[in-house]
């Protein structure tokens, strides 16, 4: 052992399981997927080579366009709203008190609740006739809609539900806020800055990297949103909450169009990469004009 | 932060706001639990009360509702609970023992290509499962794994990217002198790992166990795709089946079933929430 164990290559033996795992469970499926994306494949018969036909069909598939658009609309609401809300809550909780520590735990709790159970809970809260949300609205003299059954409202309901589990960003922003030197706040105060300006000019530079990180993670998450709409709206009403991953799932496992689904998977990767690059570019631009 | 240590009025309004946040975030779970111990007629009425009427009926009503869920003729929750425990136990065990070895090798044992491997490992965390699920299904079908639990846990026996990354960060943070001293004493890498690094990593391992347990317990999409027999269903598939089965499930019973699936993770979380929140940081900011 010792001669070989001390060699420059000894580590390879240690990581061997993971190298195999990477090949079998990541690289092979991605390679297979790339191949299947250029075939017609129903799983019952051997794959039939069709070249780039699947990608061409995607370009003219109205349901695909719908799913892409829905996913973008969903992300366009969830991501900015969650940045603002999580920053506000983190700012609120950035004090050392027993109450603040308790509220931190409560805000983080939804992130460990299984998505299926969350879906059941919000299905019940948003119920048009007997749900708690409409009961509260009724008390305020308003009449709530049949949330999950009406276009627009169904999307809004899913956005609200997503905002319930922002515990992760809140915790990350809190940690970033705690790294901001206290003297800077005091200096800002002496210079006559109000709380909002102090937040923008003093705190923002230190927490900007955390915001960037969260926006990237949430972009990736938004492209895979599946369980909640699958269970709560089944993509409806009228496909208004039919998202990318749901359509991919249906193609693969409902319509048995494995080739088409594999093409969607690769396009999904490309779209995510494009989003990340776009966010990166915008951030850099903001950064250079801001300083 | 602007209100830090300022006037009593400012502090009071901050506390009031915190209470509002607390109520809003806790309410969905409280309402789930409240509905689960009401009779159906009261669950459906517009009232905002948290307990059944009369209040003394709460224990017997709870017994009745939870009993009805457990005895449901079409959805076998006790079986799904056992299945989930088996799958999660196998997955977490495999994940921990393989990830800790891989992570130590990656962090402390000399090898070529360490940096690219780390980058690829982190990169796989960014690949959404929907991208992989169709080809993985075909792969598992070829291996004859469809119809078994293997697709849900087997891959973790070869390591899990997030766990490897977390443990790698931990081993990296150990002082270099530690293995230099050990190597002067004639310890092999394995002995250093076994007798020095592993005992030190107890907390880091606890975090990996917790996070992987929660991830596997909560997972819905992988079981939905890979599990085809009802006898092999996990709790999450069972809960979805219970909601969607013919002849609408009453809301009070659906909330009782939801409470049962949430409770194990919630208990673990309440007992360990410090580890949870701290780990969500180490995984995130240091990337």
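Would you check if residue A:211 is within 12 Å of the chain's Cα centre (by Cα), touching a residue at least 40 places away in the same chain (Cβ under 8 Å) and at negative phi? I'd like the intermediate steps shown before the answer.
Numbers: within 12 Å of the chain's Cα centre (by Cα): no; touching a residue at least 40 places away in the same chain (Cβ under 8 Å): yes; at negative phi: yes.
No, not satisfied.
Of the residues in the stretch A:194-227, how many are surrounded by fewer than 21 Cβ atoms within 10 Å (Cβ to Cβ), under 23 Å from residue A:63 (Cβ atoms) and more than 9 Å from chain B (Cβ to nearest Cβ)?
1
Is it the case that some residue within the stretch A:220-228 is more than 24 Å from residue B:239 (Cα to Cα) and in contact (Cβ under 8 Å) with a residue 40 or more places away in the chain?
Kept after step one, since they are more than 24 Å from residue B:239 (Cα to Cα), are these residues of the stretch A:220-228: A:220, A:223.
After this cut, where a residue has to be in contact (Cβ under 8 Å) with a residue 40 or more places away in the chain as well, the list is A:220, A:223.
The answer is yes; a qualifying residue exists.
I need a count of the residues in the stretch A:43-70 that are within 14 Å of another protein chain (Cβ to nearest Cβ), touching a helix residue (DSSP H, G or I) at 6+ places or on another chain (Cβ under 9 Å) and part of a loop (DSSP other than H, G, I, E, B).
2
Residues that are surrounded by fewer than 18 Cβ atoms within 10 Å (Cβ to Cβ): find the helices (runs of 4 or more DSSP H) completely inside the stretch B:161-234 holding 1 or more of those. If you could, list the steps in order and put the result at the bottom.
On the way: elements: B:161-173, B:177-184, B:189-192, B:202-218, B:221-226.
Passing ranges, in order: B:161-173, B:177-184, B:189-192, B:202-218.
Working only within the stretch B:71-96, note down all residues that are free of Cβ contacts under 8 Å to residues at least 40 places away in the same chain and either within 19 Å of residue B:245 (Cβ to Cβ) or more than 15 Å from the chain's Cα centre (by Cα) (or both).
Initial filter on the stretch B:71-96 (free of Cβ contacts under 8 Å to residues at least 40 places away in the same chain): B:71, B:73, B:78, B:82, B:85, B:89, B:93.
If the condition is that a residue be free of Cβ contacts under 8 Å to residues at least 40 places away in the same chain and either within 19 Å of residue B:245 (Cβ to Cβ) or more than 15 Å from the chain's Cα centre (by Cα) (or both), then B:71, B:73, B:78, B:82 are the ones that fit.
Looking at (1) within 7 Å of chain B (Cβ to nearest Cβ); (2) over 30 Å from residue B:165 (Cα atoms); (3) without any contact (Cβ under 8 Å) to a residue 40 or more places away in the chain, can you tell me which one residue A:36 breaks?
Only one criterion is unmet by residue A:36, namely (3).
Tell me whether the stretch B:61-73 contains one or more residues that are within 13 Å of chain A (Cβ to nearest Cβ) and either modelled with pLDDT of 95 or more or at negative phi (or both).
Step one: of the stretch B:61-73, the residues within 13 Å of chain A (Cβ to nearest Cβ) are B:69.
From the residues that got through so far, the ones that are either modelled with pLDDT of 95 or more or at negative phi (or both) too are B:69.
So far as the stretch B:61-73 goes, yes, one or more of its residues are within 13 Å of chain A (Cβ to nearest Cβ) and either modelled with pLDDT of 95 or more or at negative phi (or both).
For the stretch A:33-42, name all the residues that are assigned to a helix (DSSP H, G or I) and buried (at least 19 other Cβ atoms within 10 Å of the Cβ). Spell out how you get there, then give the answer.
Of the residues in the stretch A:33-42, the ones assigned to a helix (DSSP H, G or I) are A:33-36.
A:33, A:36, listed by residue number.
From the list A:267, A:225, pick out the single residue that is out of contact with any strand residue (DSSP E or B) (no Cβ under 7 Å at 6 or more places or on another chain), modelled with pLDDT of 90 or more, farther than 23 Å from residue A:174 by Cα and outside any helix (DSSP H, G or I).
Only one candidate qualifies: A:225.
Quick one: would you say residue A:144 is part of a loop (DSSP other than H, G, I, E, B) and surrounded by 15 or more Cβ atoms within 10 Å (Cβ to Cβ)?
Values: part of a loop (DSSP other than H, G, I, E, B): yes; surrounded by 15 or more Cβ atoms within 10 Å (Cβ to Cβ): yes.
Spelling it out, residue A:144 is indeed part of a loop (DSSP other than H, G, I, E, B) and surrounded by 15 or more Cβ atoms within 10 Å (Cβ to Cβ).
Any idea which of B:81, B:27 is more than 30 Å from residue A:9 (Cβ to Cβ), assigned to a helix (DSSP H, G or I) and at the interface with another protein chain (Cβ under 10 Å from one of its Cβ atoms)?
Matching residue, one of B:81, B:27: B:27.
Yes/no matrix, rows are residues, columns are (1) modelled with pLDDT of 95 or more; (2) farther than 23 Å from residue B:274 by Cα:
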| residue | (1), (2) |
| --- | --- |
| A:129 | no, yes |
| A:132 | no, yes |
| A:139 | no, yes |
| A:143 | no, yes |
| A:148 | no, yes |
| A:155 | yes, yes |
| A:159 | yes, yes |
| A:173 | no, no |
| A:182 | no, yes |
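Quick check: anything in the stretch A:71-91 in a helix (DSSP H, G or I), touching a helix residue (DSSP H, G or I) at 6+ places or on another chain (Cβ under 6 Å) and either more than 25 Å from residue A:276 (Cβ to Cβ) or free of Cβ contacts under 8 Å to residues at least 40 places away in the same chain (or both)?
Within the stretch A:71-91, one or more residues are in a helix (DSSP H, G or I), touching a helix residue (DSSP H, G or I) at 6+ places or on another chain (Cβ under 6 Å) and either more than 25 Å from residue A:276 (Cβ to Cβ) or free of Cβ contacts under 8 Å to residues at least 40 places away in the same chain (or both).
Would you be able to tell me the number of residues in the stretch A:92-125 that are in contact (Cβ under 8 Å) with a residue 60 or more places away in the chain, within 30 Å of residue A:279 (Cα to Cα) and assigned to a helix (DSSP H, G or I)?
Number satisfying all stated conditions: 7.
Being more than 8 Å from every other protein chain (Cβ to nearest Cβ) and in a helix (DSSP H, G or I) is the filter here; which residues of the stretch B:247-256 pass it? Steps first, please.
First, the residues of the stretch B:247-256 that are more than 8 Å from every other protein chain (Cβ to nearest Cβ): B:247-250, B:252-253, B:256.
Scanning the stretch B:247-256 gives B:252, B:253, B:256.
The values are calculated or read from the model by the stated rules, or taken from the named source; none is laboratory data. Everything numeric here is computed off the predicted structure, so don't read it as measured data. Ideal geometry is used to build each Cβ from the backbone, glycine not excepted, and the neighbour counts take in all protein chains shown.
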